[in-house]
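Chemist: Take this structure first; my questions come after.
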Amino acid sequence: MDAGVHLPLIDFSGEGLSYGRLAAVVDAARDNGFAAISANDHFLFSVPWLDGPTALAAVVERSGAMTLATTLALVNLRGPVPLAKALTALDVLSGGRVIAGVGPGSSKADYEAVGVPLDGRWRRFDDAVGALRDLLGSASELAPRPVQQRGIPLWLGAWGSHAGLRRVARLGDGWLASAYNTTPEGFVTSLELLGKELTNAGRPRDEFPNALATMWTWVTEQASDAERVLTEIVGPLVRRDPAELRGRICVGSAEQCAELLSRYARAGCQRVQFWPIGDERRQLELIAGEVMPRVVG
């Protein structure tokens, strides 16, 4: 298992939204051996949300050899052609380091902002993914084309439903799960189901990559501090009962976080995309220095 980091697209506690903060996170990730940086996608949210693809483009120059991933981009709402143009530009500017993670989105506010009905989103998603795959391929009609010889890999988000995993096997080049919408045990079940669907589709299951996105993270040795983050920040942010999140995300001691990640590693998870709840440089140092070395697969 390796580590990625979500860019700080949200202001948790007065840090502000700025290029300086983005750059500091990317520098810390690069210096601490992280494998990837990523950005999620919302137009409207309960708090201000910096545009994800724009944030990735802003830090290309200082991203080193790290993968640049969208986790996820709203292809239904951005449209296959505009999204393909943006992602291809990122691929060209980064020398071929982009993964296109996409999903239909489930936020009614995002759909209303664009003037698209939420109903029927899965049918539109199937159509949009098919179009996007062609546009991100090495024979794309758009120019410039991606740098990657086989085109930009297209990963699909699925939180564990049979229909979602069947879609991943049929249309995707990789699978993105959601940390706060699953558990290590749920991941095992989903991965087994995905493997069966890949076999049914005539695709090699052993070569199909996966990652766990949106792992909200606050490494602290103080139980009261962890509880504060769960009850005052993450719970309200994602509109979940803190009791449901407790033990499901990396909020707690380094040992507790490593134990959770070890269960994911044994479940077959290949990459975790961490999203620190502020103080990003220190959190990335703790992840790299105190948490990941304790992870046992």
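Chemist: Can you give me the relative contact order of the stretch 2-294 as a percent, contacts being Cα pairs under 8 Å and 6 or more apart? Mind showing how you got there, number by number?
Modeler: Numbers: 540 pairs, mean separation 54.7, N = 293.
This gives 19 percent for the stretch 2-294.
Chemist: Below 15 angstrom from the Cβ of Arg123, what's the summed charge of the other residues (Lys, Arg +1; Asp, Glu -1)?
Modeler: +2
Chemist: Asn200 to Ala109: extension gain in nm, 0.36 nm per residue of separation minus the Cα-Cα distance?
Modeler: Working: separation 91, 0.36 × 91 = 32.76 nm, distance 3.66 nm.
So the extension gain works out to 29.1 nm.
Chemist: Which is the longest stretch in the chain that no exposed loop site breaks, taking sites as GluC sites (Glu not before Pro) with a DSSP loop state and at most 16 other Cβ atoms within 10 Å? Don't jump to the answer; show the numbers that get you there.
Modeler: Values: sites that count: Glu15, Glu141, Glu221.
Longest stretch, sites excluded: 16-140.
Chemist: Where does the charge balance sit around Leu68 when Lys and Arg score +1, Asp and Glu -1, over other residues with C-beta under 10 Å from its C-beta? Spell out each step's value before the answer.
Modeler: Numbers: positive: Arg97; negative: Asp91.
Overall, the nearby charge balance is 0.
Chemist: Which value, in debye to the nearest 20, describes the size of the charge dipole of the stretch 112-251 about its Cα centre when Lys and Arg Cβ atoms bear +1, Asp and Glu Cβ atoms bear -1, and nothing else is charged?
Modeler: Details: 17 positive and 18 negative charges, 90 e Å.
The dipole magnitude comes to about 440 debye.
Chemist: What whole-number volume per residue, in cubic angstrom, does the convex hull of the C-alpha atoms of the chain give?
Modeler: Working: hull volume 36.1 nm³, N = 297.
Expressed per residue, the convex hull around the Cα atoms of the chain is 122 Å³.
Chemist: If one takes the longest principal axis of the Cα atoms in the chain, at what angle in degrees, from 0 to 90 and to the nearest 10, does the Cα axis of helix 184-200 lie?
Modeler: Roughly 20 degrees, rounded to the nearest 10.
Chemist: Check the cysteines of the chain one by one and keep only those with no other cysteine Cβ under 4.7 Å from their own.
Modeler: Cys269
Chemist: Roughly what angle does helix 19-31 make with the longest principal axis of the chain, taking Cα atoms, 0 to 90 degrees, to the nearest 10?
Modeler: Value to nearest ten degrees: 80.
Chemist: On to the next question. Answer with one residue from Ile99, Val238, Leu142: the one whose Cα lies farthest towards the positive end of the charge dipole of the stretch 2-294, charges on Cβ with Lys, Arg +1 and Asp, Glu -1.
Modeler: The one lying farthest along the dipole's positive direction is Leu142.
Chemist: While we're here: Tell me the mean residue ellipticity at 222 nm calculated for the chain from its helices only (DSSP H runs of n ≥ 4, each -39500 (n - 2.57), averaged over every residue, nearest 500). Present the calculation step by step, with values, prior to reporting the outcome.
Modeler: Working: 13 runs with 124 residues, N = 297.
That comes out to -12000 deg cm²/dmol.
Chemist: Please report, in debye to the nearest 20, how large the charge dipole of the stretch 2-294 is about its Cα centre when each Lys and Arg carries +1 at its beta carbon and each Asp and Glu carries -1 there. Intermediate results must be reported in sequence, preceding the final value.
Modeler: Working: 30 positive and 34 negative charges, 177 e Å.
So the dipole magnitude of the stretch 2-294 works out to roughly 860 debye.
Chemist: Moving to a separate point now. Shape verdict for the stretch 99-191, please, from the Cα gyration tensor: rounded (a/c under 1.5), prolate (a/b greater than b/c) or oblate. Write down the numbers at each step before the final one.
Modeler: Details: a/c = 2.20, a/b = 1.24, b/c = 1.78.
Oblate, since a/c reaches 1.5 and b/c is not below a/b.
Chemist: What nm distance separates the two modelled labels at Glu227 and Glu259, each placed 7 Å from Cα along Cα→Cβ?
Modeler: That separation, rounded to one decimal, is 1.7 nm.
Chemist: Please compute, for the alpha-carbon atoms of the stretch 21-105, the extent along each of the three principal axes and give them in descending order in Å.
Modeler: So the extents along the principal axes, rounded to whole Å, are 35, 30, 17.
Chemist: Under the rule that an exposed site lies in a DSSP loop and has at most 11 other Cβ atoms within 10 Å, name the longest stretch of the chain with no trypsin sites (Lys or Arg not before Pro) of that kind, not counting the sites themselves.
Modeler: 1-149
Read the figures in this text as sums done on the coordinates, not as results from a lab. From a predicted model like this one, the values you see are computed outputs, not experimental measurements. FYI the Cβ positions are ideal-geometry reconstructions off the backbone, even for glycines, and counts take in every protein chain you see.
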